[in-house]
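Down below is the structure, laid out as structure tokens.
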Amino acid sequence: MLQAKEMSAALLAWYDANARDLPWRVGPAARARGVRPDPYRVWLSEVMLQQTTVAAVDRYFRRFTALWPDVQALAAAPDAQVMGEWAGLGYYARARNLLKCARVVADDLGGAFPRDEAALRRLPGIGPYTAAAVAAIAFDWPAVVVDGNVERVMARLFAVEETLDKAKPRLRALAGDLTPQTRAGDHAQAVMDLGATVCTARAPACAQCVLRAPCRARAAGIAGDLPRRAPRVARPVRRGVVHVARRADGAVLLERRPGRGLLGGMLGWPGDGWDRGDNACQGADATPPVAARWQTSPVEVRHTFTHFHLILTVRHARVRADARPSRGDFVAADDFDPADLPTVIRKAWNAARAAPQDEV
Ligand code: SF4
């Protein structure tokens, strides 16, 4: 059995030859030449990557860093523009915290991110994982970085057979044992890359794995069964309604959602019921935001959030030019871009557009 030091050395050698080319990453060759990662880019990518895939984040990261190349630029950006650019990435509390954090770093810390985990964790929106990742990747602190990829590799490498919910402390301790004092950032990224490209969830490619010799799950023939998962709890289903109102000049009625809660701070169609969880609102009994001949789209919108499935009834109407809504504001056609809407809100727009033409 290889010792932790030898496994880490083997992983780093594998990473030197196989590191993924990612827009936010300073690869091992550049690191060896003395190029240092920009903590702003590391932090931004790690916040974006929470609950999201590398492929989904790529274009958002490029767009954000083109618009706001450093933390001061992001801190000075209007909230609505940042929320609009974030639309589609989901988990919108992250975008609100992103801005809060940028402003603390720019205004109170002179634009410099703290170097250690404890100080990073005091910043808005930075939890244990992000603090460890930024400390390790940006500053080479020997922080223990544990995401889903790392948990999977540890569970297999050491054949941890407890279910994941119970095994987390042990997997973290094992990841800590493997973390070297030098090149901690590259080590963290090496384990994550191995999990993403070789030790994948569905089909671990053990024959190509640099850790195949010491891997206990491979030896026991149970690699594909680990990590074991606790039985899934079924998500509840909520129902609700949204109202899509359009004027003849193309203006649409939108409202900014409250800062806290589901899709907080994002633009949306005036709606009822669906974000309260009370299942009270089935459509016809919802109060429309403006008087009109409302029709119900034959297409229901279905969307899954972390904690529930949502089925939305979409009501739509063409409204008069002088209509005075009780909530929301009309946004001129030139200022309306569906790409600025969260995914579920955009789905409702598509359902309304696909419906037969409304009459005033
Ligand atoms: Fe994963 Fe297989 Fe490598 Fe073990 S040998 S770490 S199961 S890919």
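The values are calculated or read from the model by the stated rules, or taken from the named source; none is laboratory data. Note that the structure is a prediction, hence the values are computed from the model and not measured. All Cβ positions, glycine included, derive from the backbone under ideal geometry; neighbour counts span all protein chains shown. The accessibility values were calculated without ligands, DNA or RNA, using every heavy atom of the protein model including side chains. Shrake-Rupley method; radii C 1.70, N 1.55, O 1.52, S 1.80 Å.
Scanning the stretch 199-225 for residues that are over 26 Å from the mean Cα position of the chain (by Cα) and among the charged types (D, E, K, R) yields Arg212, Arg216, Arg218, Asp225.
Against the numbered list (1) open to solvent by 50 Å² or more (accessible area, probe 1.4 Å); (2) within 14 Å of the ligand (Cβ to nearest atom), Arg239 comes up short only at (2). Do we find that Gly259 is over 30 Å from Val82 (Cβ atoms), of a type in the set (Gly, Ala, Ser), touching a residue at least 24 places away in the same chain (Cβ under 8 Å) and open to solvent by 10 Å² or more (accessible area, probe 1.4 Å) in this structure? No. The sole residue among Ala188, Ala173, Ala196, Ala136 that is over 23 Å from the mean Cα position of the chain (by Cα), among the small types (Gly, Ala, Ser) and not assigned by TED's automatic domain parsing to the domain that holds Gly264 is Ala173. Going through the stretch 310-360 one residue at a time, which ones are closer than 15 Å to Leu267 by Cα and assigned to a loop (DSSP other than H, G, I, E, B)? If the condition is that a residue be closer than 15 Å to Leu267 by Cα and assigned to a loop (DSSP other than H, G, I, E, B), then Arg327, Gly328, Ala332, Phe336, Asp337, Leu341, Pro342 are the ones that fit.
Somewhere in the stretch 193-215, is a residue open to solvent by 50 Å² or more (accessible area, probe 1.4 Å), among the charged types (D, E, K, R) and modelled with pLDDT under 95? Checked the stretch 193-215: at least one residue is open to solvent by 50 Å² or more (accessible area, probe 1.4 Å), among the charged types (D, E, K, R) and modelled with pLDDT under 95. Applying the criterion of being assigned to a loop (DSSP other than H, G, I, E, B) and touching a helix residue (DSSP H, G or I) at 6+ places or on another chain (Cβ under 8 Å) to the residues of the stretch 237-259, the residue that is farthest from Met7 (Cα to Cα) is Asp249. When restricted to residues that are closer than 11 Å to His187 by Cα and exposed (fewer than 15 other Cβ atoms within 10 Å of the Cβ), the stretch 7-24 contains 1.
The residues of the stretch 196-236 that are among the hydrophobic types (A, V, I, L, M, F, W, C) and either farther than 24 Å from Met7 by Cβ or more than 8 Å from the ligand (Cβ to nearest atom) (or both), listed by number, are Ala196, Ala201, Ala203, Ala207, Ala213, Ala219, Ala220, Ile222, Ala230, Val233, Ala234.
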